[in-house]
C-alpha cells in the first residue's frame, strides 16, 4: 500500500481525498499544520501532496525545504492557478502541479503515473550501478567485471561518484572525499577524471563520467 503525506489546512477537503484514496489502497496521513509537516520523516512516505495556501508559511517554502533533504515525489495541489506559481513550484523541485478544483480520478492517475516513473528510474539506476563494483581491499574498482587498476586518487574520486550514482557531485565534495589529491584548485581533479575515463573506455563506448558545468560531475 502506498503511503502519502497530505499537507492541507482544509480538513474537510483533505478527508474527502483521503477516503477516496484509501478506497484505492492508498493510505493518506493528513497534516494541517505546515510547521509540524516540516519535521516529518519523509522516508516513511512514497509521495507528498502539498497545498500552497497554508497558514503562516507559503507551500512553496515547504516544497523548497522538502527538496533540500529528500527526492520524494511532490505534487502541488492548489487553488492558485497562476502560471507564475506553477513555474515557481516546478523550478524549486515539485514534480507536478494540479490546480483545484480537480477530479479525484485525475489525482489518482497523476499519483500512479509519478510513482511508476520514480520506480522505473530507481530500478534502471540500480541495474546500471551494478556495472561498477568497488573493491575496498584492493583499493580498486571493477567495471563490467574488469579491474580498472586505479591510482589511489583515482580510486577515491571514482568511488565517490559510484556511491552517488546518477547524482551530481561537486568538485568541492570530490576534493574533500579524496585526501590523495594535493591540489585544491580543481585542475588535478580534472586530470584524474580524464584518467578514469580513459581506463573505462576500453570496455565501453559510453561516456560514463559527465561534467555539469559549474556544478561538478556524475556517473550516468
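The values are calculated or read from the model by the stated rules, or taken from the named source; none is laboratory data. The model shown is predicted, which means the values in this text are computed figures rather than measured ones. Glycine also receives a Cβ, built like all others from the backbone with ideal geometry; neighbour counts cover every protein chain displayed.
Only one entry in 114, 150, 144 is surrounded by 17 or more Cβ atoms within 10 Å (Cβ to Cβ) and farther than 30 Å from residue 34 by Cα, namely 150.
The rows are residues; the columns are (1) closer than 21 Å to residue 216 by Cβ; (2) modelled with pLDDT under 90.
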residue: 132; (1), (2): yes, yes
residue: 137; (1), (2): no, yes
residue: 145; (1), (2): no, yes
residue: 150; (1), (2): yes, no
residue: 159; (1), (2): yes, no
residue: 165; (1), (2): yes, yes
residue: 172; (1), (2): yes, yes
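Residues in the stretch 65-78 that are surrounded by fewer than 19 Cβ atoms within 10 Å (Cβ to Cβ) and either over 13 Å from the mean Cα position of the chain (by Cα) or closer than 21 Å to residue 13 by Cα (or both): 65 alone.
Restricting attention to the stretch 32-52, report how many residues are in contact with a helix residue (DSSP H, G or I) (Cβ under 7 Å, 6 or more places away or on another chain) and either surrounded by fewer than 20 Cβ atoms within 10 Å (Cβ to Cβ) or not in a strand (DSSP E or B) (or both). Even if it seems obvious, please write down each step before you answer.
Initially, the stretch 32-52 is screened for residues in contact with a helix residue (DSSP H, G or I) (Cβ under 7 Å, 6 or more places away or on another chain), giving 32, 34, 37-38, 42, 46-48, 50-52.
Then drop every residue that is not either surrounded by fewer than 20 Cβ atoms within 10 Å (Cβ to Cβ) or not in a strand (DSSP E or B) (or both), which leaves 32, 34, 37-38, 42, 46, 51-52.
Adding up the residues that qualify gives 8.
Residues in the stretch 53-78 that are in a loop (DSSP other than H, G, I, E, B) and in contact (Cβ under 8 Å) with a residue 12 or more places away in the chain: 53, 54, 55, 56, 57, 70, 72, 73. Of the candidates 18, 81, the single residue that is in the same structural domain as residue 119 (by TED's automatic domain parsing), free of Cβ contacts under 8 Å to residues at least 24 places away in the same chain, crowded, with 18+ Cβ neighbours inside 10 Å and touching a strand residue (DSSP E or B) at 6+ places or on another chain (Cβ under 6 Å) is 18.
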